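Below is one structure, written out as structure tokens, with a few remarks after it.
The values are calculated or read from the model by the stated rules, or taken from the named source; none is laboratory data. Because the structure is predicted, anything quoted here is derived from the model rather than measured. Neighbour counts run over all protein chains shown; Cβ positions are idealised from the backbone, glycine included.
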């Protein structure tokens with residue numbers, strides 16, 4: 001997931017209004033934000049791509065905010081306040097906000113990561129296997145956070161394999177098979193059998209990933 005490059009002449013566009021179209025392919029994250037698309041990403045590899053294990057919560061909050069402000073100095077108060085807020089609201093179990101996050105359990109690490117990303121007020125939230133390896137209680141905490149984001153108008157892209165979760169959490173399910181888009185289903189009316197069939201059998205007319 002996410003390893004296949006967009007194909008030549010493919011397009012990812014953003015339409016802030018009916019008279020304006022922005023082509024996002026080729027733009028840097030900063031340029032995409034300037035177009036009005038605030039992206040947040042919850043990767044599968046929490047301590048490899050998401051957080052720095054040797055740093056505490058404030059340092060990991062700062063990864064998203066160090067470019068903010070009008071001075072050359074790093075703002076430290078805001079990351080500390082955000083760390084305390086996430087610890088309290090999401091129930092992060094840690095000896096202190098400055099404890100290296102690698103010393104936390106997987107569920108608490110994920111809470112720190114998800115809390116930071118949704119605090120960024122995204123317009124698009126990308127998640128990859130957001131609850132893999134987590135206990136039931138933490139998994140439902142993450143699901144509730146994602147549902148709250150949906151209710152607030154955030155476009156949540158949830159990459160996963162658990163069909164029960166996909167049917168309960170998603171509005172639409174896009175199925176990939178052999179690197180191609182094999183179908184898009186309405187989660188309210190489809191069945192696990194229909195999704196499973198598309199996951200394992202490439203149907204005639206399957207659309208290439210880049211199209």
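Of everything in the stretch 158-174 that's in contact with a strand residue (DSSP E or B) (Cβ under 7 Å, 6 or more places away or on another chain) and surrounded by 15 or more Cβ atoms within 10 Å (Cβ to Cβ), which residue is farthest from residue 91 (Cα to Cα)?
This residue is 173.
Only one of these conditions is not met by residue 48: (1) modelled with pLDDT of 80 or more; (2) closer than 30 Å to residue 21 by Cβ. Which number is it?
Going through the list (1) modelled with pLDDT of 80 or more; (2) closer than 30 Å to residue 21 by Cβ, residue 48 breaks only (2).
Filtering the stretch 91-106 down to residues that are in a helix (DSSP H, G or I) and at pLDDT 95 or above, which residue is farthest from residue 129 (Cα to Cα)?
My answer is 103.
Kindly check whether there is at least one residue in the stretch 131-143 that is under 11 Å from the mean Cα position of the chain (by Cα), at pLDDT below 95 and farther than 19 Å from residue 61 by Cα.
Checked the stretch 131-143: no residue is under 11 Å from the mean Cα position of the chain (by Cα), at pLDDT below 95 and farther than 19 Å from residue 61 by Cα.
Output the residues belonging to the stretch 175-195 that are surrounded by fewer than 16 Cβ atoms within 10 Å (Cβ to Cβ) and part of a strand (DSSP E or B).
Once the filter is applied, which keeps residues that are surrounded by fewer than 16 Cβ atoms within 10 Å (Cβ to Cβ) and part of a strand (DSSP E or B), the stretch 175-195 yields 184, 186.
Exactly one condition in (1) under 20 Å from residue 87 (Cα atoms); (2) in contact with a strand residue (DSSP E or B) (Cβ under 7 Å, 6 or more places away or on another chain); (3) touching a residue at least 60 places away in the same chain (Cβ under 8 Å) is not met by residue 146; state its number.
It fails just one condition, (3).
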